[in-house]
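Here the structure comes first, spelled out in structure tokens, and everything after it is commentary.
Quick note: the coordinates plus some simple rules give every number you see, no bench work behind them. If you're wondering where the values come from, they're calculated on a predicted model, not measured in any experiment. All Cβ positions, glycine included, derive from the backbone under ideal geometry; neighbour counts span all protein chains shown.
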Amino acid sequence: MPDLFEVVLGQRACRSFRDDDVSDELVLRCLEAATHAPSAENTQPWEFVVVRSAKQRAAIGGLMSSTWVGGARAVSAARLEPGLLADVEQGAQGGIAAAPVLVVVCGSSVRAFASTLPASVYPATQNLLLAAAALGLGSAMTTLAVHRRPELTALLSLPEHVEPMAVVPLGWPARPLGPPRREPASAKAHREVFGAGW
């Protein structure tokens, strides 16, 4: 098992996967890591819908694709460099839906205030991503499908109080991912007040 900092500093989005299956044991290890994230008042409001069915994955992929072509691509094209845009587009147009497992990460408004759901659900999602990386799996946090909440809710038979918040593909990367591109921490750190350099 790799060192924590090796995992944290090496984790990056994967949007292209091999056909090989991911065992329930590995999925459950990732979910167990997710459920050990901090949450507001320890409410643990996360819910995970694990989708393996090719039909269901294709339907979620269709929601992602329609959101992408319906406006998300135009927004991203103005902000992303061409190589990253092409990678994101490939993922949105079928690459992510081709992963053998899609985990739809949700939050329950019965267990937590709606205003605190992101502060609880997204740390759990990050733990899921880090666990996947530690196990050698590719993953990514995507939100395109959640922009089509009514359709995604119906597709997954979610009750009204369970809100879909992210879709995380899990699978074996189709190619080596390489290191993530990040600005140095010192460029983002400020001493005492904003603007005072590290």
Query - 19 Å reach of a label modelled at SER53, 7 Å along Cα-to-Cβ, counting backbone N of the range 139-162 - result: 145-146, 149-160
Query raised in the report: What residue among LEU137, LEU85, LEU170 has the largest mean-square fluctuation in a Gaussian network model of the chain, using Cα springs under 10 Å?
Result: LEU85
Query raised in the report: Given charges of +1 on the Cβ of Lys and Arg and -1 on the Cβ of Asp and Glu, with all other atoms neutral, how large is the dipole of the chain about its Cα centre, in debye to the nearest 20?
Result: 480
Requested in this report: With springs connecting C-alpha atoms under 10 Å apart, model the chain as a Gaussian network and identify which of ALA34, ALA58, ALA166 has the largest mean-square fluctuation.
Outcome: ALA58
Requested in this report: Pop the C-beta distance of HIS161 and GLU32 into the FRET formula with R0 = 30 Å and round what comes out to the nearest 0.05.
Outcome: 0.80
Report summary line: The ³J(HN,Hα) series, computed from each phi in the range 18-25 with the Karplus coefficients 6.51, -1.76 and 1.60 at θ = phi - 60°, rounded to the nearest Hz and given as x for glycine or proline, is 6, 6, 4, 6, 10, 5, 4, 4
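With contacts defined as alpha carbon pairs under 8 Å and 6 or more residues apart, what's the relative contact order of the range 4-187 in percent? The partial results should precede the final answer.
Details: 312 pairs, mean separation 71.0, N = 184.
Relative contact order of the range 4-187: 39 percent.
On average, how much area does the Cα convex hull of the range 1-94 cover when viewed from any direction, in nm²?
Details: hull surface 34.9 nm².
That works out to 8.7 nm².
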Query raised in the report: Among ALA98, VAL88, GLY136, whose Cα sits farthest toward the positive end of the charge dipole of the range 4-187 (+1 at Cβ of Lys/Arg, -1 at Cβ of Asp/Glu, about the Cα centre)?
Result: VAL88
Report summary line: Most fluctuating of GLU163, GLU41, GLU89 in the GNM of the chain (C-alpha, under 10 Å) is GLU41
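Could you tell me what a quarter of the Cα convex hull surface of the range 4-187 works out to, in nm² with one decimal place? Before the final figure, lay out the partial values.
Numbers: hull surface 44.1 nm².
Answer in nm², one decimal: 11.0.
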**Report entry** Label-point separation in nm, LYS188 to GLU25, each point 7 Å along Cα→Cβ
**Finding:** 3.6
